[in-house]
Amino acid sequence: GVVTGAYIFSYKLTSINERLIIWWDTLTGITFFGHGIGSFFTSYPFFSNLDTLLTRPTFAHNDFLQVLFEFGIVGGILVFLFCVIIFRTNWKEHYVFASIIGISCFSFPFHMPVSAFIACLVCGHVISSRTYICVSSNDGGALLYKRI
């Protein structure tokens with residue numbers, strides 16, 4: 001315990017400090033419409049307090065901040081509304097999605113193929129299993145499907 005504490009405090013948690021700096025720089029670069037898909041790597045140096053000649057992050061190490069930076073506030077609202085739809089279901093599978101969102105606060109699982117596939121699979125299952133009400137027309141045909 002003492003050795004671990006000395007190790008951590010002697011290096012002043014450089015990984016966490018660097019991540020906090022990346023997050024802060026990303027927040028300062030957020031615009032209303034964003035910078036475009038995949039623009040974090042090229043646009044980040046304009047907003048950075050880090051020496052980007054020595055180290056240059058490819059991702060924001062937080063998927064929601066990455067979405068805000070690349071797609072802007074509009075994209076952030078859309079992602080938030082999508083999460084609200086997922087969590088309004090009674091299915092237990094949305095806990096898998098919640099754990100992936102928890103991981104994405106400190107990493108970037110949506111940029112990793114396996115975890116992104118699992119998240120999409122769970123979201124598809126949860127969304128597709130919502131019930132529908134069929135409103136019929138006078139001639140017996142289905143006129144409208146409405147989600148509950």
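Every read-out reported here was derived from the displayed coordinates using simple, explicitly stated rules and does not represent laboratory data. Because the structure is predicted, anything quoted here is derived from the model rather than measured. No Cβ is skipped: glycine too gets one built from the backbone with ideal geometry, and neighbour counts run over all protein chains shown.
Evaluate the distance, in nm, between pseudo-label points positioned 7 Å from the Cα of Cys105 and of Phe82 along their respective Cα→Cβ axes.
According to this spin-label approximation, the distance is 2.0 nm.
Within 10 Å, count the other beta carbons around each residue, average over each peptide in 49-56, 75-82, 94-101, and list them highest first. If you can, show how the numbers build up before the last one.
Details: 49-56: 10.4, 75-82: 13.5, 94-101: 17.0.
Ranking, from highest mean packing down: 94-101, 75-82, 49-56.
Report the FRET efficiency, 1/(1 + (r/R0)^6), for Leu54 and Ser128, where r is their Cβ-Cβ distance and R0 is 41 Å, rounded to 0.05.
With a Förster radius of 41 Å, E is 0.30.
Could you give me the ³J(HN,Hα) list for region 18-34, computed from phi with Karplus coefficients 6.51, -1.76, 1.60 and θ = phi - 60°, whole Hz, x at Gly and Pro?
So the J values, rounded to whole Hz, are 5, 5, 4, 5, 4, 5, 5, 4, 5, 4, 6, x, 6, 10, 5, 9, x.
If I take R0 = 30 Å and measure r between the Cβ atoms of Thr89 and Phe32 in this structure, what FRET efficiency does the formula 1/(1 + (r/R0)^6) give, to the nearest 0.05? Show your work: numbers first, answer last.
Working: r = 31 Å, r/R0 = 1.02.
The formula returns an efficiency of 0.45 here.
Treating each Cα of region 7-110 as an identical point scatterer and ignoring solvent, apply the Debye formula and state log10 I(q)/I(0) at q = 0.19, 0.23 Å⁻¹.
The calculated log intensity ratios at q = 0.19, 0.23 Å⁻¹ are -0.95, -1.20.
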